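I have placed the structure first, in the form of structure tokens, so that the comments after it can refer back to it.
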């Protein structure tokens, strides 16, 4: 990963409070950001948690850990948060939260401004030992992963060395969902264990999804090759 991209992605060094304040001002007022976590409990140093502190209106879906596998419970959690929000909404999902989001989109109908879908797992090969088995996830409704086009704009942000997602499979999922595909480089699973804590690029991608730039072919403030 280049120094420029690592600085833009806001890994261990972060972007600084002043620059984060300027960035969050670019997100249109009135748009509520709903964060959808993966298979984790509350993590103070996770970039989704940090977004809650720097963006003006964020509603998190409760992270319930890796011991409760039922996908239906997680989809219901997304819906419960959305039912409490009036006005425009953008979704920011990470890891298995991406899979939760695409399942939610099949069963519920609500206008969504856009969705940032960061480092989804492909669930096509065994996960690391700390995660549930693929068979367990299948028994609890995670598989098959929906492959119909999402009814809202979306960006899949993918890692080239994610231990949970093969880049080619993730690119195929992005194409099936009708999502723009953004290559992040070697960012692991984009979690604190991979050095992402803060991930400042998330704000730029949310800005893109919630602004009037959706008709453009390049990302404002971003390299078109990201």
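Read-outs throughout are calculated quantities, based only on the coordinates presented, and are distinct from any laboratory measurement. This is a predicted model, so every value here is computed, not measured. Reconstructed Cβ throughout: ideal geometry from the backbone, glycine too, with neighbour counts over all protein chains shown.
Starting with the fewest neighbours, write out 117, 143, 137 ranked by other beta-carbon atoms found within 10 Å of each beta-carbon.
Working: 117 31, 143 14, 137 20.
Final ranking by Cβ density, sparse to dense: 143, 137, 117.
How do 159, 148 line up, fewest other C-beta atoms within 10 Å first? Spell out each step's value before the answer.
Working: 159 23, 148 11.
With the fewest neighbours first, 159, 148 line up as 148, 159.
Going by C-beta contacts inside 10 Å, put 204, 162, 172 in order with the fewest on the left. Kindly include the intermediate steps, with their values, before the conclusion.
Numbers: 204 20, 162 23, 172 14.
Fewest to most other Cβ atoms nearby, the residues stand as 172, 204, 162.
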